[in-house]
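Here the structure comes first, spelled out in structure tokens, and everything after it is commentary.
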């Protein structure tokens, strides 16, 4: 007889099971009988993990009907609702695409292939916990599980000193961010006498906003700002993104970023909503700074991974605009943004992985003449980059549109202006890649080698980006979820 | 209605052709060209037929509507419909792309991609002219801009990458202004009952009342946004570079049609929804328009590169369009839209000719040519017709259009914009006429330098005249110029009858 609570946590438990199943399957296949070192024969693990992740997405989707009202477990330590479900689907889709997309990459480069996928699932589990947190401590547990798995993943390419550097940088700065989070939580606890969101909200409602609470909230916001790589907490992103194995970078820049947003939504549009007048200005500043600084710094990058890192910083700024509206419309916009961003950016990073494997490095000049060498791949990257730049009718356009729209509906025209102007700026660096691909001669460079699983994953990303030309079904879901959480 | 959903068919036929072309093998050039020709013929036949129906059955207002809800809660729907203004500009677009297809018959470098992007671009242009939903209007606008980057960057000449990037960034900057103005319009619009209108439907938005204060700033945003595309001074610098670097068919579309999108946007959205804002900024639009006319013509006079001459003449002619809008009465605005049409055809012809001359002589330097009329009489004749239309000789379409604009401008804004008893708009009209004189100067000088005088036998002894497919372009466009000049009433009726909602 399974306790009721555990039945409610089916997606989380199955994710844990999936991680263990992967390790187990690898053991059963018999690692001992395989020769030591990287082996191409283990690419099936990638397919297997991808399949598991897709299955988990189906499980998450199956919970949708049961959660028309939020469910609180263990006195509100975990809150299950539709908003959380959408975020969980985003994380698991990220795992699915990365798993399939890096099936060959991992099998050829990593010694511990099964552990790579298991860690992806563990970090996704942490993210799922963050998305369902109803308590500062639960949130912290999720945060740590996520980041600890990601520290290891960042330094997974053991032979590459840059990868080791990336892991070290991430762990040092990430640990600092965790400390900042804990300090902020302790202040909030000191003021409210509880770590539970529901009770904190009531305290704010009864006693008004106190200074200690605000300081605590700002510390917590800073920690989340680190997680989503918003300016001025973005310094780690370019170095870590550049050094980490490229599929991991893709995961870090999408799913992990989405998890940070899930946490922001949970805390700041949850219990802290009553104190919005005090912290809103900081969110607006984070958003504006990220859009401006991220785009400005991306302009001069020569390495595509660094460029995408800065572009990701800017994208975090756009998604934050939705949060700054404090409305269900804005939350919907942010959720939609993160969903499409997952596919757009992951697709781009998978292409970067493929090109990087052929070229040997990630300089933008390596994309010269790609449209002649590998026309389909070039077209796919063009579509993804244009979507990142917000060109209609691709998904990135709708995402930015709804974000700006929600901001305009709240009269935040300043953010809208910064947003649209920096979007134009961003087109410059996205088009520089297009220029290299389409306008420069290929020279003697060979076509890019693309394996079947990677091609399949990229194709899925491109199809989603194009398919969201008709965004209504997803928007309806996101709105239903957001309006169940944010009442304004 | 014998053809169901005619406007949607106009929109979809170039798009479908682009998709089919993607599937055609790279080596089968003829199939690619034929597909493009068929698609553009369909649009040409359909749009002329629609113009005919619209006129002959005495229709008015928006017709042939197709509607499909896209994002319901947000009031976004795919809504195409056409009135006389849309129809005449759609006809223009169809003519230019039809001729552009034949003018690019000689493109062999990655021809498949070239036609794909060209047809995609045209889809966007048709979409802008036909959309009655502000949102889809914007969407199609952006679809029209982006292929331009690749078309100029890959198939262009000269400083093509610089020009392509400059053009794209300028136009997207314009769209950024537009987007903010649009969102402002969307959120400010209130139904008479006081409830938010929450729709992008232009037919609804244009009937609502807005506060004066809002109208003034929203109109300004839209003016800057669309104005960049219409080439208003001092935001025009992308256009000569872009035109000069672009391949022939793209220059034709670009100067011929794309710049009209800007003027059309100001007319449809700016004047249609925000009449008080338009009234408030009429002086600025008028003054800048006159600067465009005179400055554009003056700079054109100093150019040695043939393409730059034509490009700056476009800047000058777009000034006439904007002046007609600024004058804000039925005569001037009819002239203005007619000028859009006439200039589109004329510039299309010019750029086609420049392409031909360059292809045959391998130079665009005016001073290096001379006496070419003896070797290419057909091209010289077509060039002369275009030139005469350019400075508005009676009997050409340019005359009717400019006459209407200047007539309208003289009597414009009789109550406002006067200083010490001197009214602004008649003065503007007078200054603008100086621009026409300069235009005559550089056009005649151009004709003389290129086609007359001594011929350099060594260099140009055996250059051929236009041949087969090239004639299609030249004959069609020249004939339209003269036809509209001699018989302007169908077009002026078409345009004038639909101006109602935009007039004060």
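The values are calculated or read from the model by the stated rules, or taken from the named source; none is laboratory data. Small disclaimer: the values here were computed from a predicted structure and weren't measured. So basically every Cβ, Gly included, is an ideal-geometry build from the backbone, and we count neighbours across all protein chains shown.
Summary table below
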| read-out | value |
| --- | --- |
| Residues that are touching a helix residue (DSSP H, G or I) at 6+ places or on another chain (Cβ under 6 Å) and under 15 Å from residue A:119 (Cβ atoms), drawn from region A:223-251 | A:244, A:247, A:248, A:249, A:250, A:251 |
| Answer residue from region A:173-201, given it is in contact with a strand residue (DSSP E or B) (Cβ under 9 Å, 6 or more places away or on another chain) and in a helix (DSSP H, G or I) and is surrounded by the fewest Cβ atoms within 10 Å (Cβ to Cβ) among those | A:198 |
| Residue A:85 vs. criteria in contact (Cβ under 8 Å) with a residue 24 or more places away in the chain, surrounded by fewer than 24 Cβ atoms within 10 Å (Cβ to Cβ) and more than 24 Å from residue A:454 (Cα to Cα) | yes |
| Residues of region B:143-167 that turn out to be surrounded by fewer than 24 Cβ atoms within 10 Å (Cβ to Cβ), more than 17 Å from residue B:109 (Cβ to Cβ) and at the interface with chain A (Cβ under 8 Å from one of its Cβ atoms), as a count | 2 |
| Output for region A:49-73, where each listed residue is over 19 Å from residue A:482 (Cβ atoms) and part of a helix (DSSP H, G or I) | A:49, A:50, A:51, A:52, A:53, A:54, A:55, A:56, A:57, A:58, A:59, A:62 |
| Members of region A:401-414 found to be more than 9 Å from every other protein chain (Cβ to nearest Cβ) and in contact with a helix residue (DSSP H, G or I) (Cβ under 7 Å, 6 or more places away or on another chain), listed by number | A:403, A:406, A:412 |
| Candidates B:34, B:29, B:62, B:50 - the one that is more than 14 Å from every other protein chain (Cβ to nearest Cβ), more than 24 Å from the chain's Cα centre (by Cα) and either more than 30 Å from residue B:358 (Cα to Cα) or free of Cβ contacts under 8 Å to residues at least 12 places away in the same chain (or both) | B:34 |
| Residue under evaluation residue A:366, criteria (1) within 13 Å of chain B (Cβ to nearest Cβ); (2) over 30 Å from residue A:333 (Cα atoms); (3) modelled with pLDDT of 85 or more; (4) surrounded by fewer than 23 Cβ atoms within 10 Å (Cβ to Cβ), criterion not met | (1) |
| Hits in region A:388-399 (condition: under 19 Å from residue A:325 (Cα atoms) and more than 9 Å from chain B (Cβ to nearest Cβ)) | A:399 |
| Options B:98, B:129, B:135; residue that is part of a helix (DSSP H, G or I) and within 22 Å of residue A:427 (Cα to Cα) | B:135 |
| Complete set of residues in region B:20-37 that are in a helix (DSSP H, G or I) and surrounded by fewer than 14 Cβ atoms within 10 Å (Cβ to Cβ) | B:22, B:23, B:30 |
| Matching residues in region B:374-409 - criterion: being surrounded by 22 or more Cβ atoms within 10 Å (Cβ to Cβ) and in a loop (DSSP other than H, G, I, E, B) | B:376, B:391, B:392, B:396 |
| Any hit, region B:108-119, residues being within 16 Å of the chain's Cα centre (by Cα), crowded, with 23+ Cβ neighbours inside 10 Å and at negative phi | yes |
| Given (1) more than 8 Å from chain B (Cβ to nearest Cβ); (2) under 21 Å from residue A:287 (Cα atoms), number of the condition residue A:437 does not satisfy | (2) |
| Matching option when the condition is part of a helix (DSSP H, G or I), surrounded by 24 or more Cβ atoms within 10 Å (Cβ to Cβ) and either modelled with pLDDT under 85 or touching a strand residue (DSSP E or B) at 6+ places or on another chain (Cβ under 8 Å) (or both), among B:122, B:80, B:90 | B:90 |
| Residue A:327, sole failed condition from (1) surrounded by fewer than 24 Cβ atoms within 10 Å (Cβ to Cβ); (2) farther than 22 Å from residue A:262 by Cα; (3) within 14 Å of chain B (Cβ to nearest Cβ); (4) over 21 Å from the mean Cα position of the chain (by Cα) | (2) |
| Where residue A:419 falls short, out of the listed (1) under 26 Å from residue B:163 (Cα atoms); (2) without any contact (Cβ under 8 Å) to a residue 60 or more places away in the chain; (3) assigned to a helix (DSSP H, G or I) | (2) |
| Among (1) buried (at least 22 other Cβ atoms within 10 Å of the Cβ); (2) out of contact with any strand residue (DSSP E or B) (no Cβ under 6 Å at 6 or more places or on another chain); (3) over 27 Å from residue B:473 (Cα atoms), the one test that residue B:59 misses | (1) |
| Out of A:259, A:229, A:255, sole residue that is under 21 Å from the mean Cα position of the chain (by Cα) and part of a loop (DSSP other than H, G, I, E, B) | A:229 |
| Residue match in region A:372-387 (condition: within 8 Å of chain B (Cβ to nearest Cβ) and under 21 Å from residue B:173 (Cβ atoms)) | yes |
| Matching residues in region A:440-488 - criterion: being under 30 Å from residue A:197 (Cα atoms), away from every other protein chain (no Cβ under 14 Å) and not in a loop (DSSP other than H, G, I, E, B) | A:481, A:484, A:485 |
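Residue by residue, here is whether (1) within 14 Å of residue A:435 (Cα to Cα); (2) under 21 Å from the mean Cα position of the chain (by Cα); (3) touching a residue at least 12 places away in the same chain (Cβ under 8 Å); (4) not in a helix (DSSP H, G or I) holds:
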site	(1), (2), (3), (4)
A:384	no, yes, yes, no
A:392	no, no, no, yes
A:397	no, yes, no, no
A:401	no, yes, no, no
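Yes/no per residue for (1) under 24 Å from residue A:179 (Cβ atoms); (2) in contact with a strand residue (DSSP E or B) (Cβ under 9 Å, 6 or more places away or on another chain); (3) crowded, with 22+ Cβ neighbours inside 10 Å:
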| site | (1), (2), (3) |
| --- | --- |
| A:108 | no, no, no |
| A:111 | no, no, no |
| A:116 | no, no, yes |
| A:121 | no, no, yes |
| A:128 | yes, no, yes |
| A:134 | yes, yes, yes |
| A:141 | yes, yes, no |
| A:144 | yes, no, no |
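Matching residues to (1) more than 27 Å from residue B:107 (Cα to Cα); (2) in contact with a helix residue (DSSP H, G or I) (Cβ under 7 Å, 6 or more places away or on another chain); (3) buried (at least 22 other Cβ atoms within 10 Å of the Cβ):
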{"residue": "B:411", "(1), (2), (3)": "yes, no, no"}
{"residue": "B:419", "(1), (2), (3)": "yes, no, no"}
{"residue": "B:429", "(1), (2), (3)": "yes, yes, yes"}
{"residue": "B:444", "(1), (2), (3)": "yes, no, no"}
{"residue": "B:449", "(1), (2), (3)": "yes, yes, no"}
{"residue": "B:454", "(1), (2), (3)": "yes, no, no"}
{"residue": "B:468", "(1), (2), (3)": "no, no, no"}
{"residue": "B:495", "(1), (2), (3)": "yes, yes, yes"}
